[in-house]
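The values are calculated or read from the model by the stated rules, or taken from the named source; none is laboratory data. It should be emphasised that the depicted structure is a prediction, and the values quoted were computed from it without experimental measurement. When we count neighbours, we look across all protein chains shown, and the Cβ atoms used for this are built from the backbone with ideal geometry, even at glycine. Please note that ligands, DNA and RNA were not included when accessible areas were found on the heavy atoms of the full protein model with its side chains. Shrake-Rupley method; radii C 1.70, N 1.55, O 1.52, S 1.80 Å.
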Amino acid sequence: MEIRRFFVNKSDICGNVVTVRGDEFIHLTKVLRYKVGYKATVCANDGIERLCTVNSIEKDFAVLSVDEIRVADRKSVSLTLYAGLLKNNKLDFAIQKAVELGVDRIIPFTSSNCAENRFSVERANKIALEAAKQCGSAYLSEVKELTDIEEVIRSIPDYDEVLFAYEDEKSNALTDALSQGKNIAVIIGPEGGFQSVEAEKISSAGAKTVTLGRRILRAETASIVACALILNALDR
Ligand code: SAH
């Protein structure tokens, strides 16, 4: 039987006893039909994997005991993806893939050429949780509330390095621009791209303007390519 992965809050771990509640309880009992005696891997977003056995299943929680502890690999970089909000839930795909690649945080934003303004942070975090479980991560990537481009620009100095993928940049390749920062962010625009005044402000705030190649990628493709290039180069 495949040993499935569940995420809990740190406060739901007490010594060797883990309580699984809420959506994760529903997933465990109703979707996966776990029974007493089944094995599970439990993570609390602290880099530790707890190999557990189900001891009891109550009405709305399950109690597991920890059999073994494994320390997952520490990440060497923290990557935040700022992603322009996309139409028709297309950001869902970018979120799922970014989590699989190992992005720590995803912050959606609106900007002048953005054609969407509705965003459900709960729904987005469910997608991120499912992706983390599916890809065997010991960490949970967080999707933050929708923000706007002005706030993105204000947060640029908070990082060691910010890479700004701009469709009009022709020469400065992302991989050449990377230094050895530990706390990195990348900015990807919405379908409509960036207005030149926005691009100038982003660059003046300290982000490095980079190209992802000769072809214009769809926004969701650009998010995946940029995260893969950064993590492949730095997270070893
Ligand atoms: N509508 C715009 C393209 C927007 S693509 C146009 O036709 O010019 C959506 C976003 O993906 C861009 O804002 C940028 O952040 C990123 N992107 C796509 N292709 C890129 C490339 N070749 N280099 C850098 N960024 C790119």
Check: Counting Lys and Arg as +1 and Asp and Glu as -1, each charge on the Cβ, what is the dipole of the chain about the Cα centre in debye, to the nearest 20?
Finding: 740
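May I ask you to rank Arg215, Arg21, Arg50, Arg154 by accessible area, largest first, using a 1.4 Å probe over the protein chains only? Don't jump to the answer; show the numbers that get you there.
Details: Arg215 180, Arg21 120, Arg50 15, Arg154 150 Å².
Highest to lowest solvent-accessible surface, that is Arg215, Arg154, Arg21, Arg50.
Run the dipole for the range 34-123 about the Cα centre, Lys and Arg Cβ at +1, Asp and Glu Cβ at -1, nothing else charged, and hand back the magnitude in debye, nearest 20. The partial results should precede the final answer.
On the way: 13 positive and 12 negative charges, 53 e Å.
Dipole of the range 34-123, to the nearest 20 debye: 260 debye.
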Notebook entry, point to check: By how many nm would the segment from Asn16 to Ala228 lengthen if fully extended, with 0.36 nm per residue of separation less the alpha-carbon distance?
Noted result: 72.6 nm
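Need one number: % antiparallel among DSSP beta bridges in the range 1-144, to the nearest 5.
Details: 21 of 32 bridges.
Among the beta bridges of the range 1-144, antiparallel pairing accounts for roughly 65 percent.
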Item checked: Bins of 10 Å, starting at 0 and running to the largest distance - Cα pair percent for the range 87-190 -> 13, 41, 38, 8
Note to self: For the range 175-233, what does the accessible surface come to per residue with a 1.4 Å probe? Please give it in Å².
What the structure shows: 50
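Quote the FRET efficiency, to the nearest 0.05, computed for Arg105 versus Val36 with a Förster distance R0 of 45 Å and r equal to the Cβ-Cβ distance.
On the way: r = 37 Å, r/R0 = 0.82.
My answer for the efficiency is 0.75.
Which entries in Lys59/Lys90; Lys10/Lys97; Lys126/Lys182; Lys59/Lys87; Lys170/Lys201 show an alpha-carbon gap greater than 29 Å? Before the final figure, lay out each step's value.
On the way: Lys59/Lys90 36 Å; Lys10/Lys97 26 Å; Lys126/Lys182 27 Å; Lys59/Lys87 39 Å; Lys170/Lys201 18 Å.
Cα-Cα > 29 Å for Lys59/Lys90; Lys59/Lys87; rest within.
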Note to self: Just to make sure I understand: if all protein chains stay in place, what is the order of Glu191, Glu145 by accessible area at 1.4 Å, largest first?
What the structure shows: Glu145, Glu191
Next item on the list: Would you mind listing how long the chain runs along its three principal axes, going by Cα atoms, in whole Å with the largest first?
Entry: 59, 36, 29
Checklist line | Extended-chain gain in nm, criterion 0.36 nm per residue less alpha-carbon gap, Arg74 and Thr53 | finding: 5.0 nm
Next item on the list: Among DSSP beta bridges whose residues both lie in the range 91-236, state the antiparallel percentage, nearest 5.
Entry: 0
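Find how much the distance from Gln180 to Phe61 grows on full extension, using 0.36 nm per residue of separation minus their present alpha carbon separation; answer in nm with one decimal.
Numbers: separation 119, 0.36 × 119 = 42.84 nm, distance 4.40 nm.
Once the chain is fully extended between Gln180 and Phe61, it gains 38.4 nm.
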Check: Which residues in the range 44-60 have a backbone N closer than 17 Å to a point placed 7 Å from the Cα of Met1 along the Cα-to-Cβ line?
Finding: 51-58
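Kindly identify the range 153-230 as rounded, prolate or oblate by the Cα gyration tensor criterion: order the square roots of the eigenvalues as a ≥ b ≥ c, call it rounded if a/c is under 1.5, otherwise compare a/b with b/c, prolate if a/b is larger, else oblate.
Oblate is the answer for the range 153-230, as a/c is 1.5 or above yet b/c matches or exceeds a/b.
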Note to self: What distance in nm lies between label points placed 7 Å from Cα along the C-beta direction at Lys87 and Arg123?
What the structure shows: 1.6
Checklist line | Whole-number percent relative contact order across the chain, with pairs defined as alpha carbons under 8 Å at least 6 apart | finding: 20
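What is the packing order of peptides 66-74, 162-170, 206-214, taking the mean over residues of other C-beta atoms within 10 Å and listing the highest first?
Working: 66-74: 10.9, 162-170: 19.9, 206-214: 16.8.
The most tightly packed comes first, giving 162-170, 206-214, 66-74.
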Check: If you build a Gaussian network model of the chain, linking Cα atoms that sit under 10 Å apart, which residue out of Tyr34, Tyr139, Tyr82 swings the most?
Finding: Tyr34
Margin query: In whole Hz and in residue order, list the ³J(HN,Hα) couplings for the range 19-27 that follow from phi through the Karplus curve 6.51 cos²θ - 1.76 cosθ + 1.60, θ = phi - 60°; x for Gly and Pro.
Written below: 10, 9, 10, x, 4, 5, 5, 4, 4
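Taking all protein chains in place and a 1.4 Å probe, what share, in percent, of the accessible surface of the chain do carbon and sulfur account for?
Details: 5690 of 12050 Å².
The computed percentage sits at 47.
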Next item on the list: Choose one answer from Ser203, Ser137, Ser223: the residue with the largest mean-square fluctuation in a GNM of the chain with alpha-carbon springs under 10 Å.
Entry: Ser203
Check: Using a simple charge model, +1 on the beta-carbon of Lys and Arg, -1 on the beta-carbon of Asp and Glu, nothing else, what dipole does the range 157-215 show about its Cα centre, in debye to the nearest 20?
Finding: 180
